[in-house]
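Below is one structure; the comments refer to it alone.
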Amino acid sequence: VLGTNFYDFRGRYCNMGGFNGKQIASYRNMQELIRKEHSIAYRVTKDEALDLPEQTFIRQYVTMEPKARKIYDQVRKESYAELEGGGEITTPTVLTKLLRLQQMTGGFMVEDEGERPELFSRAKFDAVEDIIRDYAVEGKKKLVIFARFIAEVQELERTAEKVLKPAHLKCVSIYGEVKSKDRGPLIAAFQNDPETAVIIGQIDVLGVGVTLTAADTTVYYSVNFNYSSYEQSLSRIHRAGQMRPCTYIHLLTERTVDDKVLAALNRKADLAHE
């Protein structure tokens, strides 16, 4: 139905551009492709197929420490000035600026000559500490925590262990460097072991194709700019087998790029082009 040659298929449905003409710039003949797909596929939405519990979304704002706030505002102003006066602005340039600002709202900063991110704000980590104590330790509930960057996942793991260990509870984490063969046992431990109370993961790694219905609460420490990844991650706890209402807590550093990223995701908008 779809043909047998990759290059013929790409030539039929993709307009190529970008670096050396090897990047997909846009798509064409989409209605034809959809007709072909529907000749061999049947689509049912989750809402049509499953009787799932309701979802509640919470925005919890945190305040940066004064010293960290001053550094963030300085970087934000410099980035804005550079974009305003930079002549032709490319999408990668904008994304780089947004990326740097989002790293900072997560508590990390990479010096211009540095290689490793340095922790310079614990505002969000302190908020997560309170959430883990309230939900996992005192409330006896399991928690899923998503973050964008590996440094955030690793610091979240240290934060969780500090809260959980006195209560004889554990956490597991999954990110890009964790081998595929090791991920299944970690997810199984979270689903089945009463002592494994928290699972922490990169949103692009843990947010797709796994079942985490042992929890009914998800914390978003940070998100990326990809709506598909975000939408997929919402379904990790909200899927077949889940009987309890689901809660999603978005941690946002007040008066920062965090609000803009989440607003763009909710509009399914491309923040870089905006």
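The values are calculated or read from the model by the stated rules, or taken from the named source; none is laboratory data. Because the structure is predicted, anything quoted here is derived from the model rather than measured. A quick note on method: Cβ atoms are made from the backbone with ideal geometry, for glycine too, and the neighbour counts reach across all protein chains shown. Surface areas here come from the heavy atoms of the whole protein model, side chains and all, with no ligands, DNA or RNA. Shrake-Rupley method; radii C 1.70, N 1.55, O 1.52, S 1.80 Å.
Taken over the stretch 160-194, the criterion of being among the charged types (D, E, K, R), part of a helix (DSSP H, G or I) and farther than 24 Å from H250 by Cβ is satisfied by K165, K181, D182, R183.
Across the stretch 203-219, which residue is farthest from Q103 (Cα to Cα) among those that are among the polar types (S, T, N, Q) and either in contact (Cβ under 8 Å) with a residue 60 or more places away in the chain or open to solvent by 30 Å² or more (accessible area, probe 1.4 Å) (or both)?
Narrowing the stretch 203-219 to residues among the polar types (S, T, N, Q): 211, 213, 217-218.
Next, only the ones that are either in contact (Cβ under 8 Å) with a residue 60 or more places away in the chain or open to solvent by 30 Å² or more (accessible area, probe 1.4 Å) (or both) stay: 211, 217-218.
On the way: T211: 28, T217: 24, T218: 20 Å.
Selected residue: T211.
Counting only residues that are assigned to a loop (DSSP other than H, G, I, E, B) and among the charged types (D, E, K, R), the stretch 195-237 holds 3 of them. Evaluate the stretch 220-239: report whether one residue or more is touching a Ser or Thr at 6+ places or on another chain (Cβ under 6 Å), hydroxyl-bearing (S, T, Y), touching a residue at least 60 places away in the same chain (Cβ under 8 Å) and under 15 Å from L101 (Cα atoms). Within the stretch 220-239 (the criterion being touching a Ser or Thr at 6+ places or on another chain (Cβ under 6 Å), hydroxyl-bearing (S, T, Y), touching a residue at least 60 places away in the same chain (Cβ under 8 Å) and under 15 Å from L101 (Cα atoms)), the answer is no, since none of the residues qualifies.
With the requirement that a residue be among the basic types (K, R) and either part of a helix (DSSP H, G or I) or touching a helix residue (DSSP H, G or I) at 6+ places or on another chain (Cβ under 6 Å) (or both), what does the stretch 238-266 give you? Working first, answer last.
Initially, the stretch 238-266 is screened for residues among the basic types (K, R), giving 239, 244, 255, 260.
Residue satisfying the conditions is K260 alone.
Of all residues in the stretch 109-134, which are open to solvent by 20 Å² or more (accessible area, probe 1.4 Å), under 21 Å from the mean Cα position of the chain (by Cα) and at pLDDT 95 or above? Hits for the stretch 109-134 are R122, D126, E129, D130. Among the residues of the stretch 248-262, those that are within 17 Å of the chain's Cα centre (by Cα) and open to solvent by 30 Å² or more (accessible area, probe 1.4 Å) comprise D259, K260. Report the residue count in the stretch 47-63 for those that are in contact with a helix residue (DSSP H, G or I) (Cβ under 9 Å, 6 or more places away or on another chain), β-branched (V, I, T) and open to solvent by less than 70 Å² (accessible area, probe 1.4 Å). Residues that pass the stated criteria total 1.
In the stretch 224-247, the qualifying residues are those that are under 16 Å from F57 (Cα atoms) and among the aliphatic types (A, V, I, L, M), and the one that is surrounded by the most Cβ atoms within 10 Å (Cβ to Cβ) is I237.
Of all residues in the stretch 98-108, which are open to solvent by 10 Å² or more (accessible area, probe 1.4 Å) and touching a residue at least 24 places away in the same chain (Cβ under 8 Å)?
So in the stretch 98-108, the residues open to solvent by 10 Å² or more (accessible area, probe 1.4 Å) come out as 98-101, 103, 108.
Across the stretch 98-108, the qualifying residues are L98, R100, L101, Q103, F108.
From the residues in the stretch 263-274 that are over 20 Å from S79 (Cβ atoms) and at pLDDT 85 or above, which one is nearest to the chain's Cα centre (by Cα)? So, considering only residues that are over 20 Å from S79 (Cβ atoms) and at pLDDT 85 or above, the one nearest to the chain's Cα centre (by Cα) is L265. Restricting attention to the stretch 11-29, the residues that are part of a helix (DSSP H, G or I) and open to solvent by 70 Å² or more (accessible area, probe 1.4 Å) add up to 3. Considering the stretch 31-46, and only residues there that are in a loop (DSSP other than H, G, I, E, B) and hydroxyl-bearing (S, T, Y), the residue that is least open to solvent (accessible area, probe 1.4 Å) turns out to be T45. You will find that of A147, A197, A151, A160, the residue that is surrounded by fewer than 20 Cβ atoms within 10 Å (Cβ to Cβ), touching a residue at least 24 places away in the same chain (Cβ under 8 Å) and closer than 23 Å to G106 by Cβ is A151 and no other. Being part of a helix (DSSP H, G or I) and of a type in the set (A, V, I, L, M) is a property that A127 has.
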